[in-house]
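The structure under discussion appears below in the form of structure tokens.
The values are calculated or read from the model by the stated rules, or taken from the named source; none is laboratory data. None of the values given here were measured: they were computed from a predicted structure. Reconstructed Cβ throughout: ideal geometry from the backbone, glycine too, with neighbour counts over all protein chains shown. Areas reflect the complete protein model, heavy atoms only, side chains present, ligands, DNA and RNA absent. Shrake-Rupley method; radii C 1.70, N 1.55, O 1.52, S 1.80 Å.
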Amino acid sequence: MLLEQMRELRDQDGNWRQGRTWSLVYYADEAHYEFLKEAHNTFFSENGLNPMVFQSLKRMESEVVRMSAAMLHGDAQVVGTMTSGGTESILMAVKAARERFKKKRFIFNGQPELVAPKSIHVAFGKAAHYFGMKVRYVELGEDFRVNVEALKRAVNRNTALIAASAPQYAHGVIDPIEAIGAFAKKEDIPFHVDACFGGFFLPWMEKLGYDLPLFDFRVPGVTSISADVHKYGYAAKGASVVLYRDMSYLKHQFYVSTDWPGGIYPSPTVAGTRPGGPIAAAWAAMKAIGEEGYLELTRKTMEAVEALQTGVRRIEGLKVLGSTDGPVVCVASKSPEIDIYAVVDQLNAKGWNLDRQQNPNSFHLSVTANHLQAVPAFLEDLEEAVAHVRAHPELKSEGQAAMYGMIAKIPFRGAVKFSVHKIMEGMYGPEGKVPDLGGEAGEDDDLILQLMDKYGDRAMEVLEKFESSKEKLKEALPWMR
Ligand SMILES: *Cc1c(COP(=O)(O)O)cnc(C)c1O
């Protein structure tokens with residue numbers, strides 16, 4: 001009965017099985033899915049917290065680390081751990097770099113810094129927020145890769161870590177890893193490559209003959225890499241690896257407590273209790289799929305990527321941004337008549353799930369092998385959506401398109417942050433409500449919804465007028481609490 005109720009709830013969610021959800025779920029096929037569930041459930045109750053009691057898990061973790069290190073061309077010195085996901089891998093790499101930095105600079109009193117492209121994943125900002133560090137964000141070039149000269153200028157004596165992506169999530173391009181690596185090595189600063197997205201994809205693309213720049217341990221100066229098994233490794237969720245060139249880096253990730261009444265407590269990662277299921281399923285996925293399987297999944301994915309890129313370029317008014325190095329297709333408008341967020345509204349209404357992006361406004365497709373079946377239907381709906389938006393220019397100031405359009409443009413990022421915090425307080429408050437984005441603004445709604453309600457189309461103008469002064473804005477908007 002309860003299980004039935006749960007299945008009914010689940011049926012309302014994004015439909016990833018038919019490839020209609022363009023992020024969040026990485027699904028190979030039904031047979032692999034059932035196999036993963038069984039592998040996961042076999043270790044459902046086991047706890048990796050104590051590797052003496054559950055040696056099976058320690059052994060599987062070590063093998064996942066070794067297989068991943070080999071895939072990323074690490075030598076026998078490369079070491080690492082599994083984590084619950086890309087974010088935890090990144091948190092660990094940043095924390096390890098911070099500890100190493102502090103140990104080397106024992107008279108350091110400032111704030112350790114992290115230098116990274118503006119396109120770096122949010123997890124780095126989160127890490128800096130958690131660990132009391134500062135991020136220096138570096139501008140991107142025209143091709144969305146980080147500007148290496150600007151990155152060099154952002155480095156100073158407080159820099160504890162440089163980071164870049166292979167590829168970055170938003171536009172799917174690989175940062176100039178070799179150039180950054182050479183610089184990092186010369187300056188003796190650790191360099192982390194975030195291959196959370198591409199770690200289990202780019203190596204197979206390369207084997208299929210695609211011409212890609214080097215991004216892994218073959219690049220001198222790269223000291224750590226994160227790669228998510230729960231993305232293109234097609235494992236169960238809760239599995240990623242963080243690898244280091246050798247133990248002199250990894251050792252700074254560990255935490256050891258010696259005086260707790262509960263006993264000596266060594267901990268390699270953030271988690272205390274470490275669920276066995278994701279470790280076991282990651283091991284099983286890598287063993288079962290193997291090199292042959294990954295090559296085939298990658299081939300199918302690239303077939304879908306190429307079909308999508310060709311299809312998008314054929315639609316008048318659209319263009320593909322970046323999307324050169326892997327399984328991302330990033331789509332933007334090149335015509336003032338086509339509001340890309342309004343196009344997303346149309347597609348979402350047809351049962352697709354797309355992610356909106358900003359700076360520049362675009363939408364994102366994380367393509368997997370399973371999406372190949374959905375490509376023709378998607379392109380057909382996309383073309384229709386574009387035609388509809390062209391015929392109905394008013395759509396860009398309605399619904400979610402209007403709200404996201406405005407959020408993307410608002411000059412006061414503090415006001416945006418305030419609004420989003422308010423939405424979160426609603427979601428995680430006692431009522432636990434799912435936010436009604438783009439609906440009518442209510443009494444206790446946030447600044448952005450109120451602005452839109454009050455000024456509609458002109459809300460942006462109102463904001464722009466007061467761009468120079470926050471104080472003036474506050475005066476102008478007496479209802480802003
Ligand atoms: C997904 C992703 C992350 C974060 O991984 P989670 O598993 O979502 O925590 C970090 N970097 C990149 C490039 C990613 O694609």
Subject >> Of all residues making up segment 181-196, the number that are over 17 Å from Lys231 (Cα atoms) and within 16 Å of the ligand (Cβ to nearest atom) >> reply: 2
Original post:
For Pro435, are the conditions met, namely being at pLDDT below 85, more than 30 Å from Arg299 (Cβ to Cβ), open to solvent by less than 50 Å² (accessible area, probe 1.4 Å) and in contact with an Asp or Glu (Cβ under 9 Å, 6 or more places away or on another chain)?
Top reply: no
Original post:
Hey, Ala93 hits all of (1) farther than 27 Å from Gly198 by Cα; (2) in contact with a His (Cβ under 7 Å, 6 or more places away or on another chain) but one; which does it fall short on?
Top reply: (1)
**OP:** Considering every residue within segment 103-110, establish whether at least one is in contact with a Phe, Trp or Tyr (Cβ under 9 Å, 6 or more places away or on another chain), at negative phi and among the hydrophobic types (A, V, I, L, M, F, W, C).
**Re:** yes
Subject >> Residues being of a type in the set (S, T, N, Q) and either more than 13 Å from the chain's Cα centre (by Cα) or over 22 Å from Gly141 (Cβ atoms) (or both) - total across segment 109-127 >> reply: 2
Subject >> Number of the exception - Ala163 against (1) open to solvent by 30 Å² or more (accessible area, probe 1.4 Å); (2) within 16 Å of the ligand (Cβ to nearest atom); (3) not in a loop (DSSP other than H, G, I, E, B) >> reply: (1)
Original post:
In segment 370-388, what residues are under 12 Å from Glu316 (Cα atoms) and either modelled with pLDDT under 95 or under 25 Å from the mean Cα position of the chain (by Cα) (or both)?
Top reply: Leu382
Subject >> In segment 208-235, residue nearest to Lys103 (Cα to Cα) [restricted to those that are buried (at least 24 other Cβ atoms within 10 Å of the Cβ) and among the small types (Gly, Ala, Ser)] >> reply: Ser224
Original post:
If we only count helices (runs of 4 or more DSSP H) wholly inside segment 1-113, which ones have 1 or more residues that are assigned by TED's automatic domain parsing to the domain that holds Met247?
Top reply: 30-42, 55-71, 86-104
**OP:** Go through segment 109-126 and count every residue that is in contact (Cβ under 8 Å) with a residue 40 or more places away in the chain and either more than 16 Å from the ligand (Cβ to nearest atom) or under 15 Å from Asn156 (Cα atoms) (or both).
**Re:** 7
Original post:
How many of the residues making up segment 87-108 are open to solvent by 10 Å² or more (accessible area, probe 1.4 Å) and either within 11 Å of the ligand (Cβ to nearest atom) or among the hydroxyl-bearing types (Ser, Thr, Tyr) (or both)?
Top reply: 3
